[in-house]
């Protein structure tokens with residue numbers, strides 16, 4: 001299962017001549033780091049920065065919006081709540097492709113092509129999963145707590161910030177992890193909106209490595225690929241517990 | 001602030017909840033409407049037009065749909081590729097991950113280590129793993145060929161060969177799906193109440209029977225969920241793989257619906273036609289999902 005990864009790391013430390021040996025050799029002789037240096041040079045700091053900024057902004061925005069909406073659906077009154085919720089759920093079934101071009105048109109009309117807001121803001125529309133998840137989560141908090149707080153004179157937003165929000169930390173990690181993952185690895189949307197080198201994100205830079213098939217050394221490709229995964233791997237290692245619980249629990253409501 | 005609002009609107013507790021209900025949910029709903037709902041509706045509408053971004057739009061009614069079914073010679077291949085892709089990816093992704101999940105529950109030692117390994121493909125971007133797999137599939141230097149050396153006469157370029165290209169792409173997708181599905185199945189299997197197993201054991205049920213009569217029925221809703229999710233993500237991510245590795249070729253053999261739709265829309269600038277393709281696709285998926293949910297409801 002993990003073999004491609006192992007091979008990727010090994011390969012990135014080898015000279016190309018060794019990678020292409022047939023049958024393949026699995027120990028780097030000599031072990032070189034030049035692939036990584038070239039990869040960094042090729043990818044550039046800007047690319048990493050763009051990806052990080054993009055992922056962070058999207059995650060932040062989606063969390064804030066979903067938290068608020070989830071709380072509202074769970075605890076507050078909204079006109080037409082049931083209908084809205086129904087539309088929410090149904091929208092998941094629609095394959096995203098349908099919206100791709102119109103979304104592009106909207107972004108173009110706003111003058112956001114090839115801008116940060118162009119890639120980030122449309123993601124704020126992806127609050128369905130988060131809202132649904134937070135709503136379920138908040139529903140499990142007993143009414144009594146809410147009522148007690150209200151009797152004690154707390155306002156609605158006050159109750160939210162002081163009681164519900166702190167309790168939601170595990171749920172927030174789960175949704176944040178999923179959203180960050182999707183943003184970091186997103187390819188098709190950034191491909192659609194961005195078109196200059198300085199705006200590029202990692203997934204785009206990686207895909208360009210394959211354009212002229214054999215002119216970029218395989219070692220550099222592997223090194224770049226691994227580099228693109230490192231930030232996410234780091235986050236994953238630290239957040240693994242929440243991550244697995246989070247994704248697992250979304251399937252548990254049955 | 002709160003007292004101000006209360007006095008201003010003379011609000012009772014109930015109405016205060018209404019006010020905040022709207023206030024809290026509005027931002028999310030607004031973004032959802034603008035960037036999700038409107039594009040979806042627009043998408044459907046666009047399929048009735050001809051548009052190439054440069055010239056103005058022209059209403060052409062059902063022409064795009066007619067073209068899909070009769071006028072486009074490549075559409076047949078696209079449909080075949082899509083069906084094959086679906087048949088290759090979905091069952092394998094679900095079944096293999098189920099098996100792995102069950103195996104994982106039996107292995108007590110090093111469990112979190114194995115769990116991490118299985119989870120890894122999920123963290124990597126589809127673009128990244130496509131690049132790595134490209135090497136595996138390479139004709140003269142590929143890992144796969146070197147391992148099959150004893151069975152093959154000549155080296156096969158898996159991604160360029162019309163017979164195998166789609167299969168190659170499918171395998172990558174299955175590999176990625178398994179990672180995610182295992183997590184869901186693990187959670188589901190772990191949640192089956194012990195007393196069900198005990199009752200069955202008392203009745204004399206043995207290991208394989210336990211699996212068949214308790215485990216599977218108990219996690220059926222999860223199986224449905226996993227299947228739906230697999231379908232959705234396979235088409236979403238499948239695009240990435242095809243774009244990076246084969247660009248729909250060779251001979252359109254790997255042009256699954258998703259990819260063809262993008263290609264027509266953005267490479268060939270036939271936006272109306274592209275939208276019509278997505279529309280049809282949506283209907284197919286919707287029917288499929290409804291059938292899936294009916295299947296679940298029967299329990």
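What FRET efficiency do you get for residue B:106 and residue A:41 if R0 is 56 Å and r is their Cβ-Cβ distance, rounded to the nearest 0.05?
Computed FRET efficiency for residue B:106 and residue A:41 comes out at 0.75.
Multiply the residue gap between residue A:77 and residue A:49 by 0.36 nm, knock off their C-alpha separation, and tell me the result in nm, one decimal place.
Working it through step by step, the gained length comes to 6.0 nm.
Grab the beta carbon distance between residue B:161 and residue B:206, set R0 = 51 Å, and tell me the FRET efficiency rounded to 0.05.
Approximately 0.65, to the nearest 0.05.
Separation of the stretch A:30-102 and the stretch B:232-299 by C-alpha centroid, Å?
21 Å
Set the Förster radius R0 to 30 Å, insert the Cβ-Cβ distance between residue B:291 and residue B:38 as r into 1/(1 + (r/R0)^6), and round the FRET efficiency to 0.05.
Once the sixth-power term is evaluated, E becomes 0.55.
Mind checking the mean number of beta-carbon atoms from other chains within 10 Å of the Cβ atoms in A:67-76? Show your work: numbers first, answer last.
Working: counts 2, 7, 9, 3, 4, 10, 4, 0, 4, 10.
Per-residue shielding by partner chains comes out at 5.
Between the stretch B:17-54 and the stretch A:146-224, how many Å separate their Cα centres?
The two parts, judged by their Cα centres, are 21 Å apart.
Sorted by mean Cβ packing within 10 Å, highest first, what order do the peptides B:270-280, B:68-78, B:40-50, B:233-243 take? All intermediate terms of the calculation are to be shown ahead of the outcome.
Details: B:270-280: 25.0, B:68-78: 14.7, B:40-50: 19.6, B:233-243: 23.3.
Peptide ranking by packing, descending: B:270-280, B:233-243, B:40-50, B:68-78.
What spacing in nm lies between the two simple spin-label points modelled at residue B:197 and residue A:163, each 7 Å away from Cα in the Cβ direction?
In this crude label model, residue B:197 to residue A:163 measures out at 3.9 nm.
A short reminder: the numbers here are calculations on the coordinates, not readings from a lab. Not measured: the values here are computed from a predicted model. With ideal geometry, Cβ positions are generated from the backbone for all residues, glycine too; neighbour counts draw on all protein chains shown.
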